[in-house]
Amino acid sequence: MRILVIGAGAVGGYFGGRLAEAGKDVTFLVRSRQAELIHKHGLRIVSPHGNATLQPKLILADEIAGSYDLIILCVKAYSLAGAMNDFAAAVAPNTTILPLLNGMLHLELLAGRFGEGSVIGGVCFISAEVDPEGRIVQLTDIHRLVYGERKGGNSPRMSALHEALQGATFEARTSENILQDMWEKWVLLASLGAATCLMRGNIGEIEAIPGGADLARAILGECSAISAACGYAPGATFLVRAEKTLTTARSTLTSSMYRDLSKSAPVEVDQILGDLLERGRKFDLTTPLLEAAFANLRIYQARLYLYP
């Protein structure tokens, strides 16, 4: 299976790098500046599961000369439109697009551009970042990739994909209810992002202040209510695990939005919080904490001149 990974950042670089390390036929679609850095230093992974320095196959958008069997899309949600233009030449009728973006809006945009049948659901579980040296640093030992048909169930395509993704360091598995998995991750991600960005601290710092854990629980409740209203009520097991994640004493856990905020970088506020709130408004739900976090981050984002 010929695999094209869009982006070689924390997510794409990690999962694509591990696939290349395992001998899979992987090519990274990158910008020229990133290509120069990888050619010079290699694609470097620092991880509890073993470090790696690779020299993977790289390609620029104007160098794409044919289609790929699988496209793993690993860009920030606000970069999706540009990314679709970049990899369009790599898509054929039998190409499978596996997006690992946050939220749900990207599914509609990708299907509108490339067709409903081309796009499957996917979710990744990893905490990683690119450090000042350009290395991909895995912050915890979790590294799981889940994928499935958006309509549910299994298919020959999923069986072939599952077989192709085996053998790498990370856990890879299919899901027969991938949209539920994606909604639950969205609930956790939005809750974690809203809490850490609104209160400007990690989970342990939030838990340590009077009422901090209750605020985190309340944010989780608002996100869960929206998910349930949209037809994807979070499961009981998920909610127990999510509450523990958001209220663990001395936890250093933060969200990717908070880490981007701390670096004065753009954040995925519209895709993670804005779209969730928009869906909740259709059901007249009251979500004051999410609204406050969204407003806070939109003001921050405006200061970066992303909004006129």
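The values are calculated or read from the model by the stated rules, or taken from the named source; none is laboratory data. Computed from a prediction, not measured in an experiment: that's the story for all the values here. Cβ atoms come from the backbone with ideal geometry, glycine included; neighbour counts cover every protein chain shown.
Inside segment 263-296, can you point out the residues that are assigned to a helix (DSSP H, G or I), of a type in the set (S, T, N, Q) and modelled with pLDDT of 95 or more?
Kept after step one, since they are assigned to a helix (DSSP H, G or I), are these residues of segment 263-296: 269-281, 288-296.
With the extra rule that they be of a type in the set (S, T, N, Q), the set shrinks to 271, 296.
Passing the criteria: only 296.
So if I check each of 192, 139, 145, which one is under 21 Å from the mean Cα position of the chain (by Cα), modelled with pLDDT under 95, under 19 Å from residue 100 (Cβ atoms) and not aromatic (Phe, Trp, Tyr)? It would help to see each step written out before you state the result.
Numbers: 192 fails: modelled with pLDDT under 95; 145 fails: modelled with pLDDT under 95.
The conditions single out 139.
Of the numbered conditions (1) more than 21 Å from the chain's Cα centre (by Cα); (2) within 28 Å of residue 272 (Cβ to Cβ); (3) surrounded by fewer than 18 Cβ atoms within 10 Å (Cβ to Cβ), residue 50 satisfies every one except a single condition; which is it?
(2)
Step by step: first the residues of segment 253-281, then only those that are farther than 18 Å from residue 77 by Cα and touching a residue at least 40 places away in the same chain (Cβ under 8 Å), then the one that is surrounded by the fewest Cβ atoms within 10 Å (Cβ to Cβ). Which residue is that?
253
Sort out which residues of segment 9-41 are within 19 Å of residue 85 (Cα to Cα) and without any contact (Cβ under 8 Å) to a residue 60 or more places away in the chain, and write them in order of number. Show your work before the answer.
So the first thing to find is which residues in segment 9-41 are within 19 Å of residue 85 (Cα to Cα), and the list is 9, 12, 27-35.
Passing the criteria: 27, 28, 30, 31, 32, 33, 34, 35.
Would you pick out the residues in segment 108-164 that are acidic (Asp, Glu) and either under 12 Å from residue 176 (Cα atoms) or buried (at least 19 other Cβ atoms within 10 Å of the Cβ) (or both)? Show your work before the answer.
Step one: list which residues in segment 108-164 are acidic (Asp, Glu), which gives 108, 116, 129, 131, 133, 141, 149, 163.
Scanning segment 108-164 gives a single hit, 149.
A quick yes/no check of all residues on (1) of a type in the set (Phe, Trp, Tyr); (2) touching a residue at least 24 places away in the same chain (Cβ under 8 Å); (3) in contact with a Pro (Cβ under 9 Å, 6 or more places away or on another chain); (4) within 30 Å of residue 141 (Cβ to Cβ):
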position	(1), (2), (3), (4)
43	no, yes, yes, yes
52	no, yes, no, yes
56	no, yes, no, yes
59	no, yes, no, no
71	no, yes, yes, yes
82	no, no, no, no
86	no, yes, no, no
89	no, yes, no, no
